[in-house]
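Heads up, the thing below is written out as structure tokens.
The values are calculated or read from the model by the stated rules, or taken from the named source; none is laboratory data. Worth saying up front: this structure is predicted, and the values here are computed from it rather than measured. All Cβ positions, glycine included, derive from the backbone under ideal geometry; neighbour counts span all protein chains shown.
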Amino acid sequence: MGLTEEQAFVADVQSDSVEKKRVVSITEAARLNNVTRQAIYVAIKQKKLKAHKDSTRWTIDLEDLDDYRKQKYSRAKSLFNGELLFDNEKGFHSVNQVAKILGVPAQKIYYATRIGVLKATRRGAAWVVHSDDVREYQAKYIDRKLADEIEAVEA
């Protein structure tokens, strides 16, 4: 049983609408990636993200957006001499990761490394802190300071 011309047209329009749902605007792409619209425009201009301009509006295929997300730079994936720079499984963390672990500002961690209170090594442009050194710093300085503050309040 064949389709009438009208049924074929409706099926074609429905398949087009399904196809259109597979694309997003610049604003939607930015929201999905937790970045600004400007970051999406820059990625398009640098040919890192494929996009098509339909008369006045940019559209991005969801598959292209997913490919961009997988290839996007992430400091967590940074390599130094062929090894992961911040390999958390081996106990290597960034200054920001250490700050989050200890619940202190990153500037405090930078200062502690600069004055030698917290051991850290420089790999390329990044400071890398081992988890053993984080525990030692926490025991000697962070926990001691909290105990001193509690003592002062009780006195």
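Values as computed for the structure displayed
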| item | result |
| --- | --- |
| Residue match in the stretch 89-98 (condition: assigned to a loop (DSSP other than H, G, I, E, B) and either under 28 Å from ILE40 (Cβ atoms) or not assigned by TED's automatic domain parsing to the domain that holds GLN138 (or both)) | yes |
| Residues satisfying the stated conditions in the stretch 119-134, i.e. under 14 Å from PHE92 (Cβ atoms) and either not β-branched (Val, Ile, Thr) or not assigned by TED's automatic domain parsing to the domain that holds LEU84 (or both) | LYS119, ALA120, ARG122, ARG123, GLY124, ALA126, TRP127, HIS130, SER131, ASP132, ASP133 |
| From TYR137, TYR141, TYR110, residue being modelled with pLDDT under 85, among the hydroxyl-bearing types (Ser, Thr, Tyr), in a helix (DSSP H, G or I) and not assigned by TED's automatic domain parsing to the domain that holds THR27 | TYR141 |
| Residues satisfying the stated conditions in the stretch 64-75, i.e. among the basic types (Lys, Arg) and in a helix (DSSP H, G or I) | ARG69, LYS70, ARG75 |
| Filtered residue count, the stretch 36-63, keeping only those that are under 13 Å from VAL23 (Cα atoms) and part of a helix (DSSP H, G or I) | 2 |
| Selected residue (criterion: surrounded by the fewest Cβ atoms within 10 Å (Cβ to Cβ)) from residues of the stretch 113-130 that are part of a strand (DSSP E or B) and without any contact (Cβ under 8 Å) to a residue 24 or more places away in the chain | ARG122 |
| Close pairs (7 angstrom Cβ cut-off, 6 or more residues apart or separate chains): small (Gly, Ala, Ser) in the stretch 131-155, not in a helix (DSSP H, G or I) anywhere | SER131/GLY91; SER131/HIS93 |
